1. Does the stretch B:88-109 hold any residues that are crowded, with 20+ Cβ neighbours inside 10 Å and hydrophobic (A, V, I, L, M, F, W, C), and which are they?
2. Go through the residues of the stretch A:58-70 one by one and say whether even a single one is more than 14 Å from chain B (Cβ to nearest Cβ), closer than 20 Å to A:VAL19 by Cα and assigned to a loop (DSSP other than H, G, I, E, B).
3. Condition test on A:THR55, is it more than 11 Å from every other protein chain (Cβ to nearest Cβ), in contact (Cβ under 8 Å) with a residue 24 or more places away in the chain and touching a strand residue (DSSP E or B) at 6+ places or on another chain (Cβ under 9 Å)?
4. Does at least one position in the stretch B:8-20 carry a residue that is within 11 Å of chain A (Cβ to nearest Cβ) and not in a strand (DSSP E or B)?
5. Looking at the stretch A:71-101 only, could you name the residues that are within 18 Å of A:CYS23 (Cα to Cα) and aliphatic (A, V, I, L, M)?
6. Among what's in the stretch B:73-102 and is charged (D, E, K, R) and in contact with a Gly (Cβ under 9 Å, 6 or more places away or on another chain), pick the residue that is farthest from A:THR101 (Cα to Cα).
7. Return the residues of the stretch A:31-54 that are part of a strand (DSSP E or B) and small (Gly, Ala, Ser); say none if nothing qualifies.
8. Return the residue satisfying two criteria in turn: it lies in the stretch B:45-84 and is within 14 Å of chain A (Cβ to nearest Cβ) and more than 13 Å from B:LEU33 (Cβ to Cβ), and of such residues it is surrounded by the fewest Cβ atoms within 10 Å (Cβ to Cβ).
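The values are calculated or read from the model by the stated rules, or taken from the named source; none is laboratory data. Quantities reported herein were computed from a predicted structural model and do not represent experimental measurements. A quick note on method: Cβ atoms are made from the backbone with ideal geometry, for glycine too, and the neighbour counts reach across all protein chains shown.
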Amino acid sequence: DAGITQSPRHKVTETGTPVTLRCHQTENHRYMYWYRQDPGHGLRLIHYSYGVKDTDKGEVSDGYSVSRSKTEDFLLTLESATSSQTSVYFCAISDGQGANTGELFFGEGSRLTVL
Amino acid sequence: GNSVTQMEGPVTLSEEAFLTINCTYTATGYPSLFWYVQYPGEGLQLLLKATKADDKGSNKGFEATYRKETTSFHLEKGSVQVSDSAVYFCALRSGGSYIPTFGRGTSLIVHP
């Protein structure tokens, strides 16, 4: 199994508070991704990173920011959480080998509830 | 742009029934195609993949054949088990992009 750890696994917070989710990998993979999963929407990409300090927006980036100061860590921050950000968040990694053919490895998810 | 369309679920079957989950795609260039599976409470994991036309991916009794002429990658299994109950995602990557395109997922429920 790929070494990906997400923390916290579960969090309940209140509207307007900041929240940071952490993704930690031990695979030294170059690419890291944050997705959210909601019923009826499948997986939606929030942000991704293609190297240390290199990040870019996905399709649902509003209200989220990310940082990657080390290869192994990719942080997702909700500056001021809203109820619409209640979701299950997944981190994924990819080694970038073989353009097109490489698979993504997913963490076990972080369930966030914003009251 | 790229897109993946999967049949909507849930798909409900009895144990030992034959499974087909349809997946069709639109892509630029020559994509690689993937099926991921998500068991309850877990993240997605790769089930199988195919990287060129007419390739057949297979794993755990599941199969899918890359059909370029019909732009399809349907997932099949001859005899499903209760333990196959999960959500299945079809996905593609093309054009050298490291951002895959996922379908919305199809939930499979297998009854004893």
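1. If the condition is that a residue be crowded, with 20+ Cβ neighbours inside 10 Å and hydrophobic (A, V, I, L, M, F, W, C), then B:PHE89, B:CYS90, B:ALA91, B:LEU92, B:PHE102, B:LEU108 are the ones that fit.
2. yes
3. Spelling it out, it is not the case that A:THR55 is more than 11 Å from every other protein chain (Cβ to nearest Cβ), in contact (Cβ under 8 Å) with a residue 24 or more places away in the chain and touching a strand residue (DSSP E or B) at 6+ places or on another chain (Cβ under 9 Å).
4. Filtering the stretch B:8-20 down to residues within 11 Å of chain A (Cβ to nearest Cβ) leaves B:8.
In the following step, the residues that additionally are not in a strand (DSSP E or B) were identified as B:8.
Within the stretch B:8-20, one or more residues are within 11 Å of chain A (Cβ to nearest Cβ) and not in a strand (DSSP E or B).
5. Those that are within 18 Å of A:CYS23 (Cα to Cα) and aliphatic (A, V, I, L, M): A:LEU75, A:LEU76, A:LEU78, A:VAL88, A:ALA92, A:ILE93.
6. Among those that are charged (D, E, K, R) and in contact with a Gly (Cβ under 9 Å, 6 or more places away or on another chain), it is B:ASP84.
7. Quick first cut of the stretch A:31-54, residues part of a strand (DSSP E or B) only: A:31-38, A:42-51, A:54.
Selection gives A:GLY42, A:SER49, A:GLY51.
8. Ranking the qualifying residues of the stretch B:45-84, first place goes to B:ASN59.
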